[in-house]
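Quick notes on the structure that follows.
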Amino acid sequence: MARSSSHLPVNVGIIMDGNGRWAKRRLMPRSYGHDAGMKRIIKLVDYVRTTGVKYLTLYALSTENLSRPEDELNGLYSLFRKYFEEYAPKLMDDDVAISVIGDISVLPEDVAMKMREVCARSGKNAPFNLIFAVNYGSRAEIVRAANFASRLGGNVTEENFSRFLYTYGVPDPDLIIRTGGEVRLSNFLLWQAAYAELYFTDTLFPDFDEREFNKALKEFSRRNRRFGKV
Ligand code: FPP
């Protein structure tokens, strides 16, 4: 889908990295960092909605993260449960649409059900759209789309191929932020990020507050987006 050429991104993706290190610095278990990460999400969503950004896509769990120790995964599932039970419904009463991309069938059944329920109740194209990538991997998404396209037969074009991606109907991200100091995309929205501006910060996700988000917006507004043109 068309990307924004204005100074404000329409869709911002965030690779939320650094929860574990944030906890370690406080001599606390990793679960403490994820808990702080969830609190950060809650505050950040409230703020991002006020900026005029219309879509926020959060990388909550990659397919690779599924190989983490069971107790860490169980902690994350508890946070998903809590978020989708307690916080998501409140947001939805308030002109926010929530959706999930990725294969959630491998999550504990009650968590997956809660997510499906919220997504089903949630409209599409609300004034603000919050998208969680959960057990998401971009390569798997592309392979899945390729299989759908091959079953359909005929000529594959960028346009019809992108209909089979999880993100169909969502504008491509204009800006992708990664917290936590690593400088890579880690299998996040590879197709969709073709023209995204990338912003990397050492700030660990639990510390990524309004000020940090504004810094990223400011940097975005300074970039000269040519989409391959001169
Ligand atoms: C990466 O940090 C973060 C994750 C794997 C999980 C992200 C989850 C949250 C922010 C909280 C829960 C989410 C929802 C949707 C309620 P890391 O643990 O890899 O950090 P490290 O690189 O410092 O070890």
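The values are calculated or read from the model by the stated rules, or taken from the named source; none is laboratory data. This structure is a prediction, so every number in the text was calculated from the model and none was measured. A quick note on method: Cβ atoms are made from the backbone with ideal geometry, for glycine too, and the neighbour counts reach across all protein chains shown. Ligands, DNA and RNA are excluded from the accessible area calculation, which covers all protein heavy atoms including side chains. Shrake-Rupley method; radii C 1.70, N 1.55, O 1.52, S 1.80 Å.
A cut-off of 5 Å between modelled amide H atoms, ignoring neighbours fewer than 5 places along the same chain, links ILE101 with PHE132, ALA133, VAL134. In a GNM of the chain with a 10 Å cut-off on Cα contacts, which of ILE98, ILE131, ILE142 has the highest mean-square fluctuation? With Cα springs under 10 Å in the chain, the top fluctuation among ILE98, ILE131, ILE142 is at ILE142.
With all protein chains in place and a 1.4 Å probe, the accessible surface of the chain carries 51 percent carbon and sulfur. The amide H of LEU189, built 1.01 Å from its N in the peptide plane, has SER138 as neighbours under 5 Å, considering only residues 5 or more places off or on other chains.
So what is the 222 nm mean residue ellipticity for the chain from helices alone, if each DSSP H run of at least 4 adds -39500 (n - 2.57) and you divide by all residues, rounding to the nearest 500 deg cm²/dmol? It lands at -12500 deg cm²/dmol.
The translational diffusion coefficient of segment 75-115, from Stokes-Einstein at 4 °C and 1.567 mPa s with a Kirkwood hydrodynamic radius over alpha carbon pairs, comes to 120 µm²/s.
Length available on full extension from ALA120 to TYR87: 0.36 nm per residue minus the Cα-Cα distance, which gives 10.3 nm.
Rounded to two decimals, the Cα-based Rg/Rh of segment 50-103, with Kirkwood Rh, is 1.03. The Cα-based radius of gyration of segment 80-204, divided by its Kirkwood radius, gives an Rg/Rh of 0.99.
For a label point 7 angstrom out from the Cα of ILE42 toward its Cβ, which stretches of segment 193-211 have the backbone nitrogen within less than 18 Å? Counting only backbone N, you get 205-210. Simple spin-label estimate for GLU64 and ASN214 gives 3.3 nm between the two label positions (7 Å along the Cα-to-Cβ direction from each Cα). Between the beta carbons of TYR195 and ASN155, assuming R0 = 22 Å, the FRET efficiency works out to 0.40 to the nearest 0.05. Per residue, the convex hull spanned by the alpha carbons of the chain comes to 124 Å³. Rg and Dmax over the alpha-carbon atoms of segment 131-196 stand at 13.0, 43 Å.
Do the alpha carbons of any pairs in LYS24/LYS114; LYS90/LYS215; LYS124/LYS215; LYS24/LYS215; LYS39/LYS90; LYS54/LYS218 sit beyond 19 Å of each other, and which pairs? Over 19 Å Cα-Cα: LYS24/LYS114; LYS90/LYS215; LYS124/LYS215; LYS24/LYS215. For segment 58-120 versus segment 180-230, the inter-centroid distance based on Cα atoms is 24 Å.
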